[in-house]
Structure formats: C-alpha cells, structure tokens
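The values are calculated or read from the model by the stated rules, or taken from the named source; none is laboratory data. Please read these numbers as outputs of a predicted model, since none were measured by experiment. Please note: Cβ atoms are built from the backbone with ideal geometry, for glycine as well, and neighbour counts cover all protein chains shown. Surface areas here come from the heavy atoms of the whole protein model, side chains and all, with no ligands, DNA or RNA. Shrake-Rupley method; radii C 1.70, N 1.55, O 1.52, S 1.80 Å.
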Amino acid sequence: MGKRLLQQLLFVWAATMVAAAYGQAYPQKPIRLILPVPPGGVADVIARPLALRLSQDLGQPVVLDHRPGATGAIGLQLAAKAAPDGYTLLWGSTNTLCMGTALYATAPPTNDYAAITPVIIFHNVLVLHPGVRANTVAELVDLAKARPDTLRFASSGEGSTNHLTAALFQMLTKTRTVHVPYKGGGPALIDVMGGHVEGMFATVPSAVTHITSGKLKALVVTSRKREAALPGVPDANEAGLPGLIVSTWNGVLAPLATPRPIVNTLNAAIAKVARTPEMTERYAAQAAEVYITTPEQYATVIREDFAKWSRVVKEIGLKPN
C-alpha cells in the first residue's frame, strides 16, 4: 500500500470517527442552557418550552441555568469559559450580546461564541402603571416635559434593550426621565405593576399578558405595524415616532471552539422544534415570530447589530463601564 493511499485512508477514518463522536453520539448527557437573566422574563417565556421539546427530541434533558447580572455579562463570561463540548450553551439576545456588551468592558466580545441560530424576534412596548395620567405617547411626553427628571423608567440593566430604547425615546422626544436599573426584565415589570416606578419599555412577550389583564397600560409598540397580540396599541409610526422602531432577537450559541458537527446538530434540532405548529402558535400568541438562520447568517446578524447599538450608545452619550 502506497504512502499517499495510506494517508487518504487514515484521513477518511479520522473524519468518520469525528463525525461519529460529534454527530451521531451527541448528546450523551444533560445539556446546560445558560440564561444570563433572572427567571420570569422573556427568556423563560421563549426558552423554557423550547428546552422541553429539545429534551424530547435529543433524548437528554436541556436544563435552564439562570445567571443574571451586569446586563448579561456574568452569564456571558460563564458560557465563554465553558468546555466547547456541546454540553454548555448560551441563550443570547440583542440585549445581552449587542447592547450590554457595548457598555460593559467585562462582557466577552461577541465573537467569543459559536453562533448556532436565533429562535425568535420581537419588539418592545412602552408600558405604564395604570395610575400614571397619560394614555397616549403625546400625553406622556407632555407629562415628562412638565416634570423633567421625575418619571422613573425601569430596565433590566444598563445597556439593556429596555434602557437603550428608553434613552432613544428621550432623545427623539427631547424629554428627561430617571433610569432605574434592575437585574432583569421580570423584577422590573413587577415594580411597574406595583407602582414603584412609572413605566418601562418592556419586551412584548414578557408584557402582553399583563397588558391584556389590565395590570399595565400600553402606549406604543416599537414596530412598523401593529402587533397581532396587541391590536389596540399604536405602532411607532402611528405614535409619530418612526425612529423608535426597535426589534430584538433571542437565540442559542455555544463556546467558540465547539465542533461544527455539534453546531449543525443543534441548529437542525432547534429549527425543527421552533418551526412546529405548536411552537409557532405559542410564540405568535406572545407577539414573537420564529426566526431561524444558518450559523453563518446568525454570526453576521450579531456583528451588524453590535455595530449598530455601539453607535447608538455613543450618540446618546452613554459611557462604557
């Protein structure tokens, strides 16, 4: 047997063994999905049912591990340092990967992860405690101008989608409000409903049930058209704020050196689950749209959104921490 032929056979054998190790045999134990946010927010609403269905399809438990703090930086660091073996994954979002990283020097760079796929995309909604005397954006702007630096707007932390959307709102309306950061969207929403703060730009999936129940009142959604789940709430154009169109995606990533066969396996499994009628309808009821891409396309989306929100942070004068 010639040397070249032997090398070719060894290469084929090695490739076969890698495919078997990282493709057919994966997974062989529970998978941890790190959520860099506290329980009760949009990540729970979206990620929990997905994890349950993935557990069934993959034959191993997919366990949610909430690690909140610093607009996701704590969870991001944990995921970036994890073994790249497919058993530790990250639930990422525009908020944690592209907004918070623009403000937190401690957050790992967005290219420290292997992109797998986004899962859903949605918008924000401006919600107020029912006791606030403003039922339209125009009335809220008048109230804010009459009482500058008085109205308190909650967020899930510095550099979060809630924070930056509120900052953008102030810039567009020439108003000044007080930023009250929390360790997640869930606790922030609870305090809005309790009247401890006047309002916030909440994610639609996390707020829709509280709006329909009357615990919150909604003034505008940050989209180009009305949301099917909130048909009575004006969109950004109708509210006279076309510059307030803000969308947010949530998706799954892995540590950077995770083998491509594992990334492909997870991409296909997540796409299959997210596109089922059951999941599509579940997400649509929460005003979230299924959004699946290839790993390469997802990596591009992350890079472009990070560049976009870094510019916004600079334009509105926020200082990186």
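Tabulated data for the structure shown
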| read-out | value |
| --- | --- |
| Number of the exception - Pro68 against (1) modelled with pLDDT of 95 or more; (2) surrounded by 14 or more Cβ atoms within 10 Å (Cβ to Cβ); (3) touching a strand residue (DSSP E or B) at 6+ places or on another chain (Cβ under 9 Å) | (1) |
| Strands (runs of 3 or more DSSP E) wholly inside region 105-214 that include at least 3 residues being closer than 30 Å to Asn264 by Cα and open to solvent by less than 10 Å² (accessible area, probe 1.4 Å) | 113-128 |
| Selection within region 230-267 - under 20 Å from the mean Cα position of the chain (by Cα) and either of a type in the set (Phe, Trp, Tyr) or more than 27 Å from Lys308 (Cβ to Cβ) (or both) | Trp249 |
| Those residues of region 36-56 which are more than 18 Å from the chain's Cα centre (by Cα) and surrounded by 15 or more Cβ atoms within 10 Å (Cβ to Cβ), in sequence order | Arg53, Leu54, Ser55 |
| Single condition Val233 does not satisfy, out of (1) open to solvent by 50 Å² or more (accessible area, probe 1.4 Å); (2) β-branched (Val, Ile, Thr); (3) more than 20 Å from Val45 (Cα to Cα) | (1) |
| For Val62: the one exception among (1) of a type outside the set (Gly, Ala, Ser); (2) under 22 Å from Lys272 (Cβ atoms); (3) buried (at least 17 other Cβ atoms within 10 Å of the Cβ); (4) touching a residue at least 40 places away in the same chain (Cβ under 8 Å) | (4) |
| Hits in region 242-266 - residues which are within 19 Å of Ala114 (Cβ to Cβ) and open to solvent by 30 Å² or more (accessible area, probe 1.4 Å) | Leu256, Ala257, Arg260, Pro261, Asn264, Thr265 |
| Some residue of region 274-282 being within 18 Å of the chain's Cα centre (by Cα) and open to solvent by less than 40 Å² (accessible area, probe 1.4 Å) | yes |
